[in-house]
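What follows is calculated from the coordinates using simple rules that are stated; it is not laboratory data. What you see is a predicted model, and the numbers here were worked out from it, not measured in a lab. Glycine gets a Cβ as well: all are built from the backbone with ideal geometry, and neighbour counts include every protein chain shown.
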Amino acid sequence: MNLDNIVSQGAGIRIPINKWNTHNIQSAVNSIIKEPAYKENIKVLKNILNSIDGKKNSALVIWDYIIKKLI
């Protein structure tokens with residue numbers, strides 16, 4: 001799921017497991033190195049992740065789930 005999100009934001013390339021080989025992996029790496037849009041898109045995702053308090057949000061979701069199960 002995380003990889004799919006990265007790909008959908010234009011920050012990475014997903015290679016299906018049945019297509020893993022040296023040629024396809026090298027081609028994907030070369031594309032990411034050569035195309036500046038990947039670097040720009042990953043910067044956008046980095047800023048989004050830095051603005052989210054993942055630990056706090058995860059804890060809140062877990063507590064919410066536990067409380068709903070107890071009620």
Taking the Cα centre of the chain as the origin, how large is its charge dipole in debye, to the nearest 20, when only Lys and Arg (+1) and Asp and Glu (-1) carry charge on their Cβ atoms? 120
Of Asn47, Ala59, Asn21, which is farthest towards the positive pole of the chain's charge dipole, taken about the Cα centre with +1 and -1 on the beta-carbons of Lys, Arg and Asp, Glu respectively? Ala59
Estimated distance in nm for a label pair at Asn2 and Asn50, the labels positioned 7 Å out from Cα along Cα-to-Cβ: 1.9
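Once you have the alpha carbon radius of gyration of the chain, what is it after dividing by 2.2 N^0.38 Å, with N set to its residue count?
Against the empirical 2.2 N^0.38 Å value, I get 1.59 for the chain.
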